[in-house]
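Following: one structure in structure tokens, then a few remarks.
Just so it is clear, none of the values below were taken in a lab; they were calculated from the coordinates. No experiment lies behind these values; they were computed from the predicted model shown. Using ideal geometry, Cβ is built from the backbone for each residue, glycine included, and neighbour counts are taken over all protein chains shown.
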Amino acid sequence: MTWLPITAFTAVAVIYAIGDYVAVKTKGVISSILVAIFLLLLLGGTLQLLPADLMDLSGLNGLIPTFGMGLILVNVGSLMNLNDLKREWKTVAVSLAGIAGIILVDLTIGTAIFGRERALAAIPPTAGGTAVTMMITEAANVAGRPEIGSFVAAITALQILVGLPIASFCLRKAARSFIQDGGHKQNDKRTGKEINLRVIPKLPQVLNASSTVHFARLGIVAVLAQLCTNVTGISTGVTFLVFGIVAGALGIVEKGSLKTAGGESLLMLATYAFVTSSFVSMKFSDFGALLVPVLGLLFIGAAGVVVVAAVTGKLLKWNPYLAVAVGVACLFGYPVTYAVAMEVAGGVTKEGDFTPEEEQKIVNYLLPKMLVAGVVSVSLASVILGGIIIPYLF
């Protein structure tokens, strides 16, 4: 069979469509990336029904290293809400402490068991998700080390299976404790001035509806971030993200611009294709050899999160179960952080007679913390970690 670019693109889209379907049906417990990896292993290296250069042939692989990563990370940075970070400073502290726990155990126990290279490579994806995996995969491909890209992609695919059960259990414990202490009957308190740094007014509707305007604004910020990298030597992953945060706060880039411009879905498909491209030529036996270090480092990292987050929560006079749930949010991120918080809130309120206002207070207790934790770890800290660790890996 002669594979054409449109055939390759369609094959990739179908594989990830199946992955999305399974993820929806399992409520995110089985990630779409995990399903895609299985199908690529089966149809690629094992049955050899897919060409080894499937991702390159589809054209998707070329989007990320050229302009895709810049647009994606600037967009992610623009989504940061400074007021949420200010209000939930304890959440930020616990989340960062959990990531410190990952670093601590991976650099000690992880290195002793699985070696320095794998332990270092495991830290950013354990603390984050697709964005940092994309960064490491690009660096691995440039360095001629695609096996490192496969390793971090496997961690990203499997981390939810470790983190989600811990978070669900701990959130349920924290919610019940909140109810027993009468927190759902108390008035919400919100003090302090709101942060508003916006200096650029919103565009007229006719321009705001233009996809090219949003692409142009994202691109301009990405160019400035790239120039900063060229001058300072700081990783582009970090500069793209930081410039995105500043641009979002100032109003230079509107929040969710990539989605508004209609480019988010295609670039996410390109990202998934990019980080899983090495699995097309891999057999199940090759992947099986990865499972022991991948799962081993994930469990070691999760243990580090649990211990350090619980201790930090205790110091901040937080419920330790809530602290652990916030800490392990790095293992799945949004939208699973939203889904698990809402599921637990709905579950505990079914156990008693609650008014709609009391139910909302339980949601308000859990949801903002999980959302902020996911943003801090997956979108911010892990990308910065990736920028720091990549030079040591390659």
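Here are the numbers:
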{"quantity": "Exposure proxy ranking, count of Cβ atoms within 10 Å, fewest first, for Trp3, Trp89, Trp318", "calculated": "Trp89, Trp3, Trp318"}
{"quantity": "Between helix 356-374 and the chain: long-axis angle, C-alpha atoms, 0 to 90°, nearest 10", "calculated": "40"}
{"quantity": "Along the chain, longest interval not containing exposed GluC sites (Glu not before Pro), exposed being DSSP loop plus at most 12 other Cβ atoms within 10 Å", "calculated": "1-193"}
{"quantity": "Cross-link pairs beyond the 30 Å C-alpha cut-off, checked among Lys25/Lys86; Lys255/Lys283; Lys90/Lys361; Lys25/Lys185", "calculated": "Lys25/Lys86; Lys255/Lys283; Lys25/Lys185"}
{"quantity": "Segments 268-275, 238-245 sorted - mean Cβ within 10 Å per residue, highest first", "calculated": "238-245, 268-275"}
{"quantity": "Net charge, Ile109 excluded, C-beta distance under 15 Å - Lys, Arg +1, Asp, Glu -1", "calculated": "+1"}
{"quantity": "Acute angle (nearest 10 degrees) that the helix 264-275 long axis makes with the longest principal axis of the chain, alpha-carbon atoms", "calculated": "60"}
{"quantity": "Principal-axis tilt of helix 116-126 within the chain, Cα atoms, nearest 10 degrees", "calculated": "60"}
{"quantity": "Estimated FRET transfer efficiency (Gln180, Ala339; beta-carbon r; R0 25 Å; 0.05)", "calculated": "0.50"}
{"quantity": "Distance-filtered residues of region 241-276 - backbone nitrogen under 17 Å, label point 7 angstrom along Ala13 Cα→Cβ", "calculated": "262-274"}
{"quantity": "GNM result for the chain, Cα springs below 10 Å: residue of Ala52, Ala119, Ala247 fluctuating most strongly", "calculated": "Ala52"}
{"quantity": "Contact order relative to length of the chain, as percent, for alpha carbon pairs under 8 angstrom and 6 or more apart", "calculated": "33"}
{"quantity": "For Val253, residues with placed amide H under 5 Å, excluding near neighbours", "calculated": "Gly248"}
{"quantity": "Top of Gly304, Gly288, Gly70 by mean-square fluctuation, Gaussian network on the chain, Cα under 10 Å", "calculated": "Gly288"}
{"quantity": "Phe178, Phe284, Phe151 arranged by Cβ crowding within 10 Å, fewest neighbours leading", "calculated": "Phe284, Phe178, Phe151"}
